[in-house]
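One structure coming up, written as structure tokens, with questions to follow.
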Amino acid sequence: MSSTVADVIGLLGSALFIAGFAYANISKNLNKVLFNFINLLGSILLLISLSVNFNLAAVVMEVAWGIIAAAGLIWPLIHRKGRR
């Protein structure tokens, strides 16, 4: 993958983070599944970009961000099953 393609993918991931942050701040009823999905997708896109243009600090942050977002997606599924 070229550096330019990696940059475009990374910029899309950054755009998702910005959109998710804006959504969280303007939404009256935050949909946590949507919010966490946006964040997980943004993290994945940035990690793809970072696989070409490596930066250790950014990789650590994106892995942590992705884990938290994934946990935010899994958490409601675990609790939903427990209520049945």
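Out of the residues in region 1-19 that are at pLDDT 95 or above and either of a type in the set (Asp, Glu) or in a loop (DSSP other than H, G, I, E, B) (or both), which is surrounded by the most Cβ atoms within 10 Å (Cβ to Cβ)?
Asp7
From the list Ala70, Ala22, exactly one residue is surrounded by 11 or more Cβ atoms within 10 Å (Cβ to Cβ), without any contact (Cβ under 8 Å) to a residue 60 or more places away in the chain and out of contact with any strand residue (DSSP E or B) (no Cβ under 8 Å at 6 or more places or on another chain). Which is it? Quick ask: steps written out before the conclusion?
Details: Ala22 fails: surrounded by 11 or more Cβ atoms within 10 Å (Cβ to Cβ).
From the options Ala70, Ala22, the qualifying one is Ala70.
While we're looking at this one, here's another question. Inspect region 50-68 for any residue being in contact with a Phe, Trp or Tyr (Cβ under 7 Å, 6 or more places away or on another chain) and either closer than 30 Å to Ser3 by Cβ or assigned to a loop (DSSP other than H, G, I, E, B) (or both) and give the result as yes or no.
Here is the first cut: in region 50-68, the residues in contact with a Phe, Trp or Tyr (Cβ under 7 Å, 6 or more places away or on another chain) are none.
No - not one qualifying residue is present in region 50-68.
Would you confirm, using the coordinates I've provided, whether Asn25 is of a type in the set (S, T, N, Q), over 11 Å from the mean Cα position of the chain (by Cα) and in a loop (DSSP other than H, G, I, E, B)? It would help to see each step written out before you state the result.
On the way: of a type in the set (S, T, N, Q): yes; over 11 Å from the mean Cα position of the chain (by Cα): yes; in a loop (DSSP other than H, G, I, E, B): no.
No, not satisfied.
The values are calculated or read from the model by the stated rules, or taken from the named source; none is laboratory data. Computed from a prediction, not measured in an experiment: that's the story for all the values here. Using ideal geometry, Cβ is built from the backbone for each residue, glycine included, and neighbour counts are taken over all protein chains shown.
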